[in-house]
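Comments concern the structure below.
The values are calculated or read from the model by the stated rules, or taken from the named source; none is laboratory data. These numbers were taken from a predicted model, which means no experiment stands behind them. Heads up, the Cβs are rebuilt from the backbone with ideal geometry, glycines too, and the neighbour counts pull from every protein chain shown. Note: accessible area is taken over every heavy atom of the protein model, side chains too, but ligands, DNA and RNA are not part of it. Shrake-Rupley method; radii C 1.70, N 1.55, O 1.52, S 1.80 Å.
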Amino acid sequence: MRRRVFLVAGIVLVLLVVTVALVSLFWTPFPAADTTGGRLEGPGAHHLLGTDKLGRDLLTRLMIGARIAMAVGAGAVALGALLGGLAGLLAAFANRWLDDTLAALLDILIAFPTLLLAMLVVAARGASLGSAIVAIGLAMAAIVARLTRVLAKRVLAMDYVTAARTSGLSWPRIVTAHVLPNIWPTLVVNLALQFGLAVLAEASLSYLGLGPPPPNASWGRLLQEAQSTVLTAPVGAIAPGVLLVVLVVGVNLLADGLRDVADPTRRRHR
Amino acid sequence: MILEARSVGFRYADGAPVLDDVSFGVTAGRSVALVGESAAGKTTLLRLLLGLRRPTSGTVLFSGRPLPTRHRAAQPFRRQVQTVFQDPYSSLDPRQQVSRIVGEPLRALGFTDQAPRVAAALDAVGLPADAAERYPHEFSGGQRQRIAIARAIAVEPTVLLADEPVSALDVSTKVRIIDLLAELRATRGLTLVMVSHDLAAVASLCDETVVLERGRVVEQGPTREVLGSPRDAYTRRLIASIPRLPS
Amino acid sequence: MSLLSVSGLAVSTHDGRALVSGLSFAVPRGGRLSLIGESGSGKSLTALAVTGLLPPGLAATGTVLLDGTPVIGATDRTLDRVRGRVAAVVFQEPSTALDPLMRLGKQIAEPLRRHRGLRGAALRSAVLEALDEVALPARVARAYPHEVSGGQRQRAAIAMALACRPALLIADEPTTALDVTVQADVLALLDRLVAAHDMALLFVSHDLAVVAKVTDEVVVLSGGRPVQSGPLRTVLANPGDDYTRSLVASARRLDAALDLGGVS
């Protein structure tokens with residue numbers, strides 16, 4: 001029962017951010033580049049959450065930030081899951097030599113700092129939303145691949161896989177019938193965690209000025225810009241921080257809840 | 001001979017031989033036990049008989065022909081030979097409903113009348129029809145082994161290869177599963193190849209016995225002779241080791 | 001007074017499900033008793049409750065006296081004094097009782113050092129003695145658990161359990177994971193050692209024939225309740241209740257299947 005509460009809470013939190021991101025596509029209180037407000041205004045009737053030091057509306061920028069967070073999270077997770085999942089499955093099925101090689105490659109990639117990787121990607125492609133997604137997605141792929149490899153190997157060692165082989169089931173069908181259903185609950189929880197980490201990683205990139213360039217206002221950039229005026233205009237720093245936490249906590253709760261719904265062994269007996 | 005091993009040997013690239021010059025066969029409708037303890041090579045031999053691995057020397061023959069190795073070519077063989085494993089926990093996918101588990105060989109081998117065959121198989125192993133919609137974790141060890149047996153007989157194979165099918169079960173459950181296997185053999189004319197270290201199960205189910213020690217056959221013949229008057233020293237020790245009830 | 005006395009033992013989960021209930025038995029000094037039951041009978045939980053080793057989430061009520069010391073509700077300090085010295089346990093799977101990263105000799109030395117205060121050369125010779133007692137060669141002392149066979153691991157676990165000369169040895173399915181020939185050797189070893197050191201034995205098993213090798217007295221458990229107790233021969237000859245009857249009948253059938261010479 002408590003599980004159900006967590007799941008609902010997760011859905012509510014994530015939907016909140018998704019809705020804000022969707023609304024920002026059609027409507028924001030002010031145009032993104034509008035600088036007509038006063039500098040560092042406090043929350044008020046005209047600018048609900050106040051303005052930044054260039055006179056831009058904070059709520060507008062937060063809404064656009066939600067869009068970027070969702071895009072980075074979803075994009076990086078999609079890229080990481082696809083590349084990582086495939087590489088992990090390949091390694092699980094590979095012979096000893098190929099498996100060892102892949103495992104070593106993954107270890108190197110995981111040891112490689114994400115930020116350094118991001119800087120390389122930015123250096124190659126320029127700072128953009130796409131670069132951020134590619135950099136974070138690649139780093140994530142290595143982690144997802146290693147996890148997929150271990151999980152898939154565990155499933156492949158089970159007798160029910162041997163039974164499937166002696167039943168004449170082909171390898172691709174064994175993957176879809178047994179391997180994926182048995183690894184995805186663990187994988188999806190991990191991907192949700194990665195979604196949260198991707199959003200945080202993008203915030204760090206933007207904070208360092210490696211993220212999507214202005215007028216794209218990611219939450220990390222907002223935090224960085226509000227840093228110097230945190231004492232005089234605290235809302236500018238607190239609001240993006242709160243939103244980051246809401247999104248990250250939300251996806252984690254959602255993932256935990258999903259795993260329980262998806263797993264028949266966790267359901268109560270009749 | 002429906003299934004036959006001819007001078008079968010197996011060794012890993014970097015190790016000592018697991019199996020060395022193993023020969024035996026089973027005629028259709030008969031039953032044979034492969035008996036031995038850990039490291040005897042029983043499980044490896046079973047995998048060779050199933051065509052999951054290829055012997056490094058010698059051949060495995062099904063109906064007089066070498067086992068096909070390619071997936072498609074192996075389908076007719078799969079239709080004839082099905083398996084039951086020791087551990088009724090790891091042998092059933094925890095995320096699949098029983099109907100899906102039992103129906104897997106039917107789907108894989110392209111049967112069209114799956115639902116009635118699943119129902120018939122569940123009925124044959126003594127499970128209620130409503131078992132089909134449930135998941136493995138809702139069943140006891142013995143019931144799970146019945147599900148595994150239902151999966152094996154769903155395609156009505158001619159040969160059942162069983163890897164320690166009763167070793168993980170409680171005594172009273174063990175007796176019931178032995179009875180079930182004996183009944184299936186009698187009613188369907190199934191050929192049974194059973195790997196086991198449980199000599200009581202072997203004596204109850206198998207016409208013939210092959211004793212393996214460290215990858216070699218040390219003795220083989222009718223079960224009554226092999227277990228009743230063993231000639232080999234290892235077989236004698238094995239039999240003497242079985243704890244018996246006080247009379 | 002009995003070395004181990006259990007009365008009205010119950011084990012239940014925190015949400016109130018009873019896994020063991022109404023269980024009473026006693027093992028005198030030098031006496032032997034077996035708990036028999038199938039999976040879910042509560043026999044292993046009883047063995048754990050007797051030594052205060054129940055996993056978190058389970059609670060025991062009733063009275064368990066080990067050499068006069070109450071076990072239920074006792075502090076870890078009290079239990080530490082009792083475990084090893086008064087009672088030691090051998091489990092089904094020796095690998096869970098052994099540290100995979102420590103040489104076997106060092107693991108056997110540990111209780112000898114702690115409880116018998118041995119050091120240096122005296123400790124080394126005590127370890128070799130302990131290995132010799134369970135018929136393990138001296139070189140096993142330098143091996144890690146994964147480097148020896150399952151039977152040798154179980155012998156090492158027995159050597160550890162016996163290191164402090166406990167008055168009571170509790171053996172929970174000690175041979176179930178072993179090959180038949182190894183099982184016969186380990187049972188004979190247990191039988192010999194328990195007799196030689198005048199120890200009491202509480203043996204837990206699902207197998208009547210195995211039990212017959214080491215004890216005469218049994219308690220049959222089903223669904224967490226004792227259904228019959230008394231001398232094994234009486235239980236085999238006159239199983240009193242339905243459960244015991246079916247258990248004995250099954251065991252007899254399997255046993256009879258082995259009589260290939262006699263029946264035609």
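Straight-line cross-link partners of B:K42 among the lysines, defined as a Cα under 27 Å from its Cα and at least 8 positions apart when in the same chain: A:K153, B:K174. For C:R32, the residues 5 or more places off, or on other chains, whose built amide H falls under 5 Å of its own are C:L201.
What helices does chain A have that are whole DSSP H segments, at least 24 Å long along their own axis by Cα, and with mean Kyte-Doolittle hydropathy of 0.0 or more?
On the way: long enough: A:2-26 (37 Å, 2.19); A:58-93 (51 Å, 1.77); A:129-156 (38 Å, 1.57); A:180-207 (39 Å, 1.13); A:235-262 (40 Å, 1.78).
Long hydrophobic helices here: A:2-26, A:58-93, A:129-156, A:180-207, A:235-262.
Couplings for segment B:106-115, taken from phi via the Karplus curve 6.51 cos²θ - 1.76 cosθ + 1.60 with θ = phi - 60°, read 5, 5, 4, 9, x, 6, 9, 8, 6, 4 Hz in order; Gly and Pro are left as x.
Of the residues A:L98, A:V246, A:L59, the one whose Cα sits farthest toward the positive end of the charge dipole of chain A, with +1 on the Cβ of Lys and Arg and -1 on the Cβ of Asp and Glu, is A:L98. This model, with +1 at the C-beta of Lys and Arg and -1 at the C-beta of Asp and Glu, gives chain C a dipole about its Cα centre of some 860 debye.
Note on segment B:103-157: Rg/Rh from C-alpha atoms, Kirkwood Rh, equals 0.95. Between B:A39, B:T59, C:A10, the Cα set farthest toward the positive side of the dipole of the protein assembly as shown (charges on each charged residue's Cβ, about the Cα centre) is that of B:T59. Going by accessible surface with a 1.4 Å probe and the largest first, A:K53, C:K43 read A:K53, C:K43.
Would you compute, from DSSP H runs of 4+ residues alone, the mean residue ellipticity of chain C at 222 nm, taking -39500 (n - 2.57) per run and dividing by the full residue count, rounded to the nearest 500? After summing the helix terms and dividing by residue count, I get -12000 deg cm²/dmol. Using heavy atoms of the protein chains and a probe of 1.4 Å, the accessible area assigned to B:D123 is about 110 Å².
In debye to the nearest 20, how big a dipole does segment C:72-183 give about its Cα centre with +1 on each Lys and Arg Cβ and -1 on each Asp and Glu Cβ? For this selection, approximately 660 debye. Comparing the chain by itself with all protein chains present, which residues of segment B:174-218 are at least 30 Å² less accessible (probe 1.4 Å)? Those are B:V175, B:H197, B:A200, B:A203, which lose 30 Å² or more relative to the chain on its own.
What's the Cα-based Rg to Rh of segment C:199-264, Rh via Kirkwood?
Details: Rg = 12.9 Å, Rh = 12.9 Å.
Here Rg/Rh amounts to 1.01.
Only Cα sites of segment B:11-124 enter the Debye sum here, all with the same form factor; the resulting log10 I(q)/I(0) across q = 0.14, 0.16, 0.20 1/Å is -0.78, -0.98, -1.30, listed in q order. A simple rule links phi to the HN-Hα coupling: the Karplus curve 6.51 cos²θ - 1.76 cosθ + 1.60 with θ = phi - 60°, which for segment B:222-233 gives x, 3, 4, 6, 5, 8, x, 9, x, 9, 7, 4 Hz, with x for Gly and Pro.
Amide hydrogen proximity for A:G55: with H placed 1.01 Å from N in the peptide plane, the residues at 5 or more positions away or on another chain lying under 5 Å are A:L40.
Compute the FRET efficiency between B:A115 and C:R81 as 1/(1 + (r/R0)^6), taking r as their Cβ-Cβ distance and R0 = 56 Å, and round to the nearest 0.05.
Working: r = 64 Å, r/R0 = 1.14.
The pair B:A115/C:R81 has a calculated efficiency of 0.30.
To the nearest hundred square angstrom, how large is the accessible surface buried between C and B, total for both chains, probe 1.4 angstrom? It would help to have the intermediate numbers written out before the result.
Values: alone 12990 and 12490 Å², together 22690 Å².
Protein heavy atoms only, the C-B interface buries about 2800 Å².
Once you list every other residue whose beta carbon is under 14 Å from the beta carbon of B:R231, what net charge do they have if Lys and Arg are +1 and Asp and Glu are -1? That sum, taken over residues with Cβ under 14 Å, equals -1. Please compute the net charge surrounding B:A201, taking Lys and Arg as +1 and Asp and Glu as -1 over other residues with Cβ under 14 Å from its Cβ. Here the count lands on -3. Counting only Cβ charges, +1 for Lys and Arg and -1 for Asp and Glu, the dipole size of the protein assembly as shown around its Cα centre is about 740 debye. Only helical runs count toward this figure. For chain B, summing -39,500 (n - 2.57) over DSSP H runs of n ≥ 4 and dividing by all residues gives -11000 deg cm²/dmol at 222 nm. Counting charges near C:P94 (Lys, Arg +1; Asp, Glu -1) among other residues having Cβ under 10 Å from its Cβ returns a value of +1. The helix-based estimate of mean residue ellipticity at 222 nm for chain A, built from -39,500 (n - 2.57) per DSSP H run of four or more residues and divided by its residue count, is -24500 deg cm²/dmol to the nearest 500.
If you take the C-alpha gyration tensor of the protein assembly as shown, multiply each eigenvalue by 5 and take the square root, what semi-axes do you get, largest first, in whole Å? Don't skip to the end; give the middle numbers.
Numbers: eigenvalues 661, 265, 136 Å².
Listed largest to smallest, the semi-axes of the protein assembly as shown are 57, 36, 26 Å.
Using Cα atoms only, what is the angle between the long axis of helix B:71-80 and the major principal axis of chain B, expressed in degrees (0 to 90) to the nearest 10? Compared with the principal axis, the helix lies near 90 degrees. When the charge dipole of segment C:68-171 is built from unit charges on Cβ atoms (+1 for Lys and Arg, -1 for Asp and Glu) and taken about the Cα centre, the candidate among C:G84, C:S125, C:A141 whose Cα reaches farthest toward its positive end is C:S125.
Amide H contacts under 5 Å for B:G58: B:G9, restricted to partners 5 or more places along the chain or on a different chain, H placed in the peptide plane at 1.01 Å from N. A viscosity of 0.692 mPa s and a temperature of 37 °C, combined with the Kirkwood radius over C-alpha pairs in the Stokes-Einstein formula, give segment C:1-107 a diffusion coefficient of 219 µm²/s.
Shape class for chain B, computed from the alpha carbon gyration tensor (a ≥ b ≥ c): oblate, with a/c not under 1.5 and a/b at or below b/c.
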